[in-house]
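For reference, the structure discussed in these notes is given below.
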Amino acid sequence: MKWIKFRIKTVTEAEDIIVSALYDIGLEGAQIEDKLPLTALEKEQMFVDIAPEGPQDDGIAYLSFFVEERDGEAMENGCPVLILNGEETTAEAVLESVKRELEDVRCFMDIGEGTVSVEETEDIDWINNWKQYFHQFTIGDVLIIPSWEEAGPEDKDKMILHIDPGTAFGTGMHDTTQLCIKALRKFITPETELLDVGTGSGILAILSLMFGAKKAVGTDLDPCAVDAVRENMEANGIDPKDFTMMIGNIITEKEIQDKVGYERYDIVVANILAQVLVELTSVIVHQLKKGGIYITSGIIDDKEETVISAVRAAGLEVLEVNHQGEWVSIIARKNHQAGV
Ligand SMILES: C[S@@+](CC[C@H](N)C(=O)[O-])C[C@H]1O[C@@H](n2cnc3c(N)ncnc32)[C@H](O)[C@@H]1O
């Protein structure tokens, strides 16, 4: 399969508006190249504690969009025929539309050069290429299978989780997710009501329901998590009544805290970076029932003591500290006499 790459040279301030304008003509999934440093939110979502120093920002941005070519022999006047949104078009037609959109945007903001280059890319499936790195694997007695693979007859007795990583974090391959899965397997009972803070793909909440939990609530900052969770719930036959999803920041938004509810959860699991866990712990302690279990992960090893201190300061008792690779998971309990 071949692809035509449309690459626009612009300025960083115009990135979002151009991506949105081109979305309207069917160009989705921009590849963005710029020298802007990562924001705190991006670091959280990309799960990096310390980002490497990049080059100085020069304000220039390149936005690339890939459109699939129809079979090689389907040429029109020597030009490749493209498939955009399921319909045939040509590179010239797409280029004209892109230029028109850029000129519209230029009317009300600086878009820099706003030039577009068009090139045929290698014979690579840019949209699906990453899938070659994700294959089925097991964690304990759970077999995790991406949506484009099937279980073999030898797996028929295993618990199987079908997962499409899509745009949200959480394939199960990361050490931090695996630490959580092992802890959930140990603590979940048929009575468990679970809160999954930073649910991402929904993997932890979905697995918890498969392990026998009664109900799950997931929260995330990232709106992409909504579609990812819905698709993964469907793929695993999870009843929507059992898993409620909320978008928002439970640390700072009282409305989310109220919706999630107080002293309601037997288990709260949070696989988020250490600095977020430190802030989260004093909040989440109110959502936990007395006797409830708090499972944290996402802690890089040199932040272990920082999170343990935050957990103890919130009045929780540390039960276990587990390690995998350079990552740490701390499991704690809210004791029955806890005053929080
Ligand atoms: C490392 S991912 C974990 C995904 C999945 N739970 C897993 O274990 O694989 C962390 C997730 O936490 C979300 N997140 C970060 N800060 C948050 C906050 N304050 N409230 C809710 N979600 C948050 C991010 O958007 C991201 O989806």
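Just a few scattered comments:
- So GLU305, is it free of Cβ contacts under 8 Å to residues at least 12 places away in the same chain and over 22 Å from LYS215 (Cα atoms): yes
- Failed item, numbered, when ASP239 is tested on (1) touching an Asp or Glu at 6+ places or on another chain (Cβ under 7 Å); (2) open to solvent by 30 Å² or more (accessible area, probe 1.4 Å); (3) closer than 27 Å to MET173 by Cβ; (4) not aromatic (Phe, Trp, Tyr): (1)
- Residue in the range 142-164 that is under 25 Å from THR244 (Cβ atoms), within 13 Å of the ligand (Cβ to nearest atom) and in a loop (DSSP other than H, G, I, E, B) present: no
- Residue that is nearest to GLY291 (Cα to Cα), among those in the range 173-188 that are within 7 Å of the ligand (Cβ to nearest atom) and open to solvent by less than 30 Å² (accessible area, probe 1.4 Å): CYS180
- First in the range 202-230 and without any contact (Cβ under 8 Å) to a residue 24 or more places away in the chain and under 14 Å from ASP242 (Cβ atoms), second anywhere and within 11 Å of the ligand (Cβ to nearest atom) and assigned to a loop (DSSP other than H, G, I, E, B), Cβ under 6 Å, 6 or more apart: none
This table checks each residue for (1) more than 16 Å from the ligand (Cβ to nearest atom); (2) buried (at least 19 other Cβ atoms within 10 Å of the Cβ); (3) more than 21 Å from the chain's Cα centre (by Cα).
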| site | (1), (2), (3) |
| --- | --- |
| ILE272 | no, yes, no |
| LEU277 | no, yes, no |
| GLY291 | yes, no, yes |
| SER297 | no, yes, no |
| LEU316 | yes, yes, yes |
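- In the set PRO190, PRO153, only one residue is more than 22 Å from the chain's Cα centre (by Cα) and over 17 Å from ALA213 (Cβ atoms); that residue is PRO153.
- Candidates GLU326, GLU320, GLU304, filtered to the one that is open to solvent by 70 Å² or more (accessible area, probe 1.4 Å) and over 17 Å from LEU194 (Cα atoms): GLU326
- Annotation: of all residues in the range 96-137 being of a type in the set (S, T, N, Q), more than 17 Å from GLN31 (Cα to Cα) and modelled with pLDDT of 85 or more, the one that is least open to solvent (accessible area, probe 1.4 Å) is SER97.
- Near pairs, Cβ below 8 angstrom, 6+ apart or cross-chain, from the range 276-290 (in contact (Cβ under 8 Å) with a residue 40 or more places away in the chain) to any residue that is near the ligand (Cβ under 10 Å from one of its atoms) and assigned to a helix (DSSP H, G or I): VAL276/GLU44
The values are calculated or read from the model by the stated rules, or taken from the named source; none is laboratory data. Please read all numbers here as calculations on a predicted model, not as lab measurements. Ideal geometry is used to build each Cβ from the backbone, glycine not excepted, and the neighbour counts take in all protein chains shown. Areas reflect the complete protein model, heavy atoms only, side chains present, ligands, DNA and RNA absent. Shrake-Rupley method; radii C 1.70, N 1.55, O 1.52, S 1.80 Å.
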